Amino acid sequence: MEKALLAGVCLPGQKLRDINDSLDELSRLAETAGARVEKRIVQNRASIDSACFIGRGKAAEIAALARELGIVSIIFDDELKPVQQKNLEEITGLKIIDRTRLILDIFARRARSKEGILQVERAQLEYYLPRLSKRGLSLDSQAGGIGTRRGPGEKKLEIDQRKIRDRMAFLDREIELISEHRKVLRQKRAQNSQALISIVGYTNAGKSTLLNLLCERGEIYADDKLFATLDPTTRQVKLENGRTVLFTDTVGFINKLPHMLVASFKATLEEISGANCLIHLIDASNPACSAQEETVINVLKELGAQNIPMITVFNKADLLAKNRLERLRGNKAIAISAKTGEGVGALLKAVEKIVTPKLFAHTLSLDHSESALVNKIHSISVVKKQEYDKNRIRLKIECSSEQWSIIQSILGRPKK
């Protein structure tokens with residue numbers, strides 16, 4: 001496990017407490033990536049140094065301290081410009097990692113599905129493209145010109161850049177295919193009038209644990225780690241009124257989420273913008289939960305999902321002091337424990353209230369030859385009564401106007 005030093009900058013107007021909270025999170029990210037944090041340094045500055053972020057003098061001071069402690073990596077709490085990273089590496093002689101690169105590394109470790117791997121690689125290439133080193137430029141031995149005359153060919157840097165751009169273009173096409181596939185799935189859900197509820201929240205808020213509890217399977221990987229799961233998982237859940245809906249666990253958000261990750265995970269994050277309802281899950285036991293809540297809201301705005309009906313839910317109620325829990329409930333907030341199941345009934349009732357459309361009663365009389373359609377009708381509507389006699393199958397159902405139109409189409413009957 002390599003030793004690391006964390007570095008942050010406190011600018012005018014920023015609170016030192018907020019900087020330390022951010023470094024606490026950076027420390028967890030570093031540990032998740034396999035580093036052991038030995039030291040953290042916060043520099044007060046009037047502005048960011050354009051060449052070295054923290055200035056040459058401070059960089060040299062950190063380098064001397066790092067050598068003394070046997071530290072091999074310096075991790076900065078912000079995204080560095082390529083020139084800043086290059087200059088810091090030259091001054092310190094150490095591995096320089098910024099917050100964005102660290103998060104990308106964790107995503108690369110966590111990605112399991114083909115979709116996740118493609119999206120992470122696309123983000124990594126976008127990050128590394130402007131950071132290709134210009135050191136060691138040399139002319140290669142490619143033939144140039146007409147016939148056998150040999151020319152200078154392309155510079156190695158230009159070849160590397162072209163290869164990366166070609167690979168990014170290929171990944172963009174593959175990710176677009178994923179996006180089209182997701183659109184088809186959303187259209188099928190719409191045809192079946194199945195509501196989609198997306199569980200959103202800060203990383204490690206307990207989204208996967210909640211989905212495991214709701215679907216009563218316990219098969220979805222969940223752990224007390226940052227970005228334990230990246231790939232979205234969708235499961236059917238039956239509400240108390242008999243309506244079947246879909247719950248989706250989405251990738252967790254984090255402060256200073258790299259913009260290239262948001263772009264690369266667009267196909268995945270579209271599951272949020274296409275939802276009928278959002279459950280914003282907040283880790284109420286985290287002292288920084290208010291800041292985390294704000295971060296999630298800002299990302300939702302970036303995705304254009306701020307107008308979707310949202311239920312704010314405070315998780316980990318089993319870890320809260322009694323007065324804190326009473327205060328939350330006094331504000332009419334929904335407090336739950338995805339671990340114990342406390343409060344989940346109230347959450348499902350709130351979901352039911354939002355996603356259940358106005359239902360109308362209908363009676364259907366089917367011929368026995370149409371019995372194969374009964375299961376389809378069950379999946380679209382709420383069947384209150386089902387009877388069989390010698391000649392007919394009779395169903396009493398409740399459904400929305402949209403669902404009734406779909407059922408009429410299935411039965412091949414004129415819409416009324």
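The values are calculated or read from the model by the stated rules, or taken from the named source; none is laboratory data. Just so we're clear, the structure is a prediction, and the values are computed from it rather than from any experiment. Note: ideal-geometry Cβ built from the backbone for every residue, glycine included; neighbour counts use all protein chains shown.
Summary table
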| item | result |
| --- | --- |
| Filter result (of a type in the set (A, V, I, L, M) and either at pLDDT below 85 or not in a strand (DSSP E or B) (or both)) within the stretch 186-203 | Ala190, Ala195 |
| Index of the failed condition, Ile117 passing every other in (1) loosely packed, with under 11 Cβ neighbours inside 10 Å; (2) of a type in the set (A, V, I, L, M, F, W, C); (3) at pLDDT 75 or above | (1) |
| Complete set of residues in the stretch 286-310 that are surrounded by 18 or more Cβ atoms within 10 Å (Cβ to Cβ) and closer than 21 Å to Leu214 by Cα | Met310 |
| Helices (runs of 4 or more DSSP H) completely within the stretch 312-416 that count 1 or more residues being over 30 Å from Gly201 (Cβ atoms) and not assigned by TED's automatic domain parsing to the domain that holds Ile297 | 374-380, 401-411 |
| Residue in the stretch 60-76 that is closer than 11 Å to Lys3 by Cα and polar (S, T, N, Q) present | yes |
| Conditions (1) out of contact with any helix residue (DSSP H, G or I) (no Cβ under 8 Å at 6 or more places or on another chain); (2) of a type in the set (A, V, I, L, M); (3) not assigned by TED's automatic domain parsing to the domain that holds Gly55; number of the one not met by Val83 | (3) |
| Residue match in the stretch 18-37 (condition: part of a strand (DSSP E or B), in contact with a Gly (Cβ under 7 Å, 6 or more places away or on another chain) and either under 24 Å from Thr203 (Cβ atoms) or at pLDDT 95 or above (or both)) | no |
| Tabulated pairs, the stretch 109-134, first more than 23 Å from Ala35 (Cα to Cα), second part of a helix (DSSP H, G or I) and among the aromatic types (Phe, Trp, Tyr), C-beta under 9 angstrom, 6+ apart or interchain | Gly116/Phe107; Gln119/Phe107 |
| Identity of the residue in the stretch 238-267, crowded, with 17+ Cβ neighbours inside 10 Å and either in a strand (DSSP E or B) or assigned by TED's automatic domain parsing to the domain that holds Leu29 (or both), that ends up farthest from the chain's Cα centre (by Cα) | Val245 |
| Search result, residues across the stretch 357-389 that are of a type in the set (D, E, K, R) and either in contact with a strand residue (DSSP E or B) (Cβ under 8 Å, 6 or more places away or on another chain) or modelled with pLDDT under 85 (or both) | Lys358, Asp367, Glu370, Lys384, Lys385, Glu387 |
| Residue within the stretch 71-86 that is more than 26 Å from the chain's Cα centre (by Cα), closer than 17 Å to Val42 by Cα and part of a helix (DSSP H, G or I) present | no |
| Flag if Leu366 is in contact with a Leu (Cβ under 8 Å, 6 or more places away or on another chain) and either within 21 Å of Val245 (Cα to Cα) or surrounded by 11 or more Cβ atoms within 10 Å (Cβ to Cβ) (or both) | yes |
| Sole exception among (1) in contact (Cβ under 8 Å) with a residue 12 or more places away in the chain; (2) assigned to a loop (DSSP other than H, G, I, E, B) for Val299, by number | (2) |
| Any chance Arg165 is among the basic types (Lys, Arg), at pLDDT below 75 and assigned to a helix (DSSP H, G or I) | no |
| Every residue from the stretch 34-71 that is in contact (Cβ under 8 Å) with a residue 40 or more places away in the chain and crowded, with 16+ Cβ neighbours inside 10 Å | Ala35, Phe53, Ile54, Ile62, Ala66, Ile71 |
